[in-house]
Amino acid sequence: MLKDKNIVIGITGGIAAYKSCEIISLMKKSGANIHCVMTKEAMQFITPLTLRTLSGNEVITDLFSESKNWNVEHISLAKMADVFLVAPATANIIGKIANGICDDFLTTTIMATKAKVVFAPAMNVNMYENPILKDNISKLKHLGYEFIDPIVGNLACGDSGKGKMADPKDIVNYLYNLSGKKQDLKGVSILITAGPTRELIDPVRYITNRSSGKMGYAIARVAKERGADVTLISGPTNLPRPEGIKFIQIETALEMFTKVKENFASNNIVIKAAAVADYRPKNIANQKIKKSDGDMHIELERNPDILAFLGEQKGDKILVGFAAETNDLTQNALTKLKKKNLDLIVANDVSQEGAGFNYDTNKVTIFSATKETNKLPLMSKLDVADKIIDEAVTLLKKE
């Protein structure tokens with residue numbers, strides 16, 4: 001699937017830069033057209049001549065070098081790219097892109113491209129485990145950048161641990177799979193809800209829950225990448241808005257209910273990943289409630305059960321719900337699946353490490369109305385999203 005693809009590979013200053021030669025060679029054998037961009041630090045490890053010989057194209061090393069055509073070179077290369085690979089990707093380049101710094105040809109081109117950007121990190125194990133780097137990687141993942149995890153091994157500094165760049169063959173296979181990503185949702189409309197709701201007590205206080213919205217946003221991103229026309233209705237989160245989709249911001253459960261009803265009819269698949277508050281304060285104070293010496297009592301009233309409403313109205317639509325549980329996961333999920341008239345329910349035990357709120361990973365079991373069960377291991381929420389979409393597409397094709 002790399003044949004005739006325009007792949008730009010950025011090489012940064014790390015000892016793993018020598019592996020970029022094998023990556024280029026493998027991609028050329030697959031029929032790809034390769035363009036290389038080197039940082040000045042990368043040239044301390046390998047030469048532009050080596051990469052030019054392997055790629056068959058001029059290697060760019062300087063933002064202000066004289067362009068060989070009339071195009072602004074970093075813009076023309078950014079537009080040309082089908083995939084943009086950075087290998088090796090140092091902590092420095094990851095930090096720059098995460099914080100919008102463009103101070104050389106490579107960073108400028110990455111910021112200008114709309115192609116998929118993939119980083120293959122390589123660095124000292126302590127650098128890789130540094131929380132600043134972890135935050136930068138998490139930020140970039142939420143923005144749609146992809147990462148090929150480094151592997152455990154002996155590092156050039158003498159340490160041993162996770163930080164060694166992935167094997168060139170694995171990197172090329174990753175790009176092969178990426179470029180051949182399924183487009184099985186062309187012509188399909190998907191409605192997704194995500195995040196928590198906030199139920200106001202007074203102008204400064206509210207009732208909410210710990211949902212980060214990460215799972216719903218991951219599903220929206222994967223559905224978009226697979227060709228769907230996506231509508232995302234989201235409660236308050238700290239996540240960036242996914243590009244290329246219809247985005248609707250709400251705050252309360254009643255607002256979400258209204259927007260879901262407005263958009264329900266025009267979608268083929270509905271995935272309710274939002275954590276909607278079951279109750280809301282019956283009376284909302286117009287002014288901040290002042291603290292007193294006594295206890296405070298807030299009378300709550302039931303919010304609409306959005307998922308149950310959709311189950312009653314769904315017709316031939318595929319309806320997917322979520323169940324975040326802390327005990328009796330299977331029984332609670334199956335009860336909800338039947339009661340709400342769902343086609344699928346995605347259940348997870350939020351008390352488990354890596355599977356609860358705010359993680360980038362999840363460990364779920366997908367139950368279907370046809371009694372089938374798909375128990376997934378701990379994996380990234382993007383990978384979980386792919387599995388959920390797979391199950392929904394299978395059901396849609398049976399309709």
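Got at least one residue in region 303-317 being free of Cβ contacts under 8 Å to residues at least 60 places away in the same chain, assigned to a loop (DSSP other than H, G, I, E, B) and touching a helix residue (DSSP H, G or I) at 6+ places or on another chain (Cβ under 6 Å)? Yes, region 303-317 contains at least one residue that is free of Cβ contacts under 8 Å to residues at least 60 places away in the same chain, assigned to a loop (DSSP other than H, G, I, E, B) and touching a helix residue (DSSP H, G or I) at 6+ places or on another chain (Cβ under 6 Å). The number of residues in region 86-96 that are outside any helix (DSSP H, G or I) and in contact with a strand residue (DSSP E or B) (Cβ under 7 Å, 6 or more places away or on another chain) comes to 4.
Taken over region 10-49, the criterion of being aromatic (Phe, Trp, Tyr) and either in contact (Cβ under 8 Å) with a residue 40 or more places away in the chain or surrounded by fewer than 16 Cβ atoms within 10 Å (Cβ to Cβ) (or both) is satisfied by 18 alone. Only one entry of 330, 365, 326 meets the criterion of being touching an Asp or Glu at 6+ places or on another chain (Cβ under 8 Å) and hydroxyl-bearing (Ser, Thr, Tyr), and that entry is 326. Filtered by the rule that a residue be within 11 Å of residue 236 (Cα to Cα) and hydrophobic (A, V, I, L, M, F, W, C), region 181-211 gives a lone residue, 194. Checked against (1) over 28 Å from the mean Cα position of the chain (by Cα); (2) in a helix (DSSP H, G or I); (3) aliphatic (A, V, I, L, M), residue 289 meets all criteria but (2).
Conditions (1) crowded, with 17+ Cβ neighbours inside 10 Å; (2) under 26 Å from residue 222 (Cβ atoms); (3) not assigned by TED's automatic domain parsing to the domain that holds residue 379, marked per residue:
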position	(1), (2), (3)
85	yes, yes, yes
125	yes, no, yes
129	no, no, yes
140	yes, yes, yes
160	no, no, yes
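Restricting attention to region 88-123 and to residues that are among the polar types (S, T, N, Q) and more than 17 Å from residue 243 (Cα to Cα), the residue that is surrounded by the fewest Cβ atoms within 10 Å (Cβ to Cβ) turns out to be 99.
Please verify whether region 362-376 includes one or more residues that are farther than 14 Å from residue 269 by Cβ, assigned to a loop (DSSP other than H, G, I, E, B), within 19 Å of the chain's Cα centre (by Cα) and free of Cβ contacts under 8 Å to residues at least 40 places away in the same chain. Yes, because at least one residue in region 362-376 is farther than 14 Å from residue 269 by Cβ, assigned to a loop (DSSP other than H, G, I, E, B), within 19 Å of the chain's Cα centre (by Cα) and free of Cβ contacts under 8 Å to residues at least 40 places away in the same chain.
When each of 336, 340 is tested for being touching a Gly at 6+ places or on another chain (Cβ under 6 Å) and in the same structural domain as residue 195 (by TED's automatic domain parsing), the lone residue that passes is 340. Residues considered: 40, 28, 19. Of these, the only one that is of a type in the set (D, E, K, R), out of contact with any Asp or Glu (no Cβ under 6 Å at 6 or more places or on another chain) and not in a helix (DSSP H, G or I) is 40. When every residue of region 357-364 is checked against the conditions, none turns out to be in contact with a Ser or Thr (Cβ under 9 Å, 6 or more places away or on another chain) and farther than 25 Å from residue 140 by Cβ.
The residue of region 267-321 that is surrounded by the fewest Cβ atoms within 10 Å (Cβ to Cβ), among those that are closer than 23 Å to residue 394 by Cβ and polar (S, T, N, Q), is 313. Of the residues making up region 240-277, those that are touching a strand residue (DSSP E or B) at 6+ places or on another chain (Cβ under 7 Å), under 23 Å from residue 357 (Cα atoms), assigned to a loop (DSSP other than H, G, I, E, B) and modelled with pLDDT of 95 or more number 5. Of the numbered criteria (1) more than 17 Å from the chain's Cα centre (by Cα); (2) modelled with pLDDT of 95 or more, the one residue 297 fails is (2).
Residues of region 178-202 that are out of contact with any Ser or Thr (no Cβ under 9 Å at 6 or more places or on another chain) and modelled with pLDDT of 95 or more: 188, 201, 202.
The values are calculated or read from the model by the stated rules, or taken from the named source; none is laboratory data. What you are looking at is a predicted structure, and each value in this text was computed from that prediction instead of being measured. Positions of Cβ are backbone-derived with ideal geometry, glycine not excepted, and every protein chain shown enters the neighbour counts.
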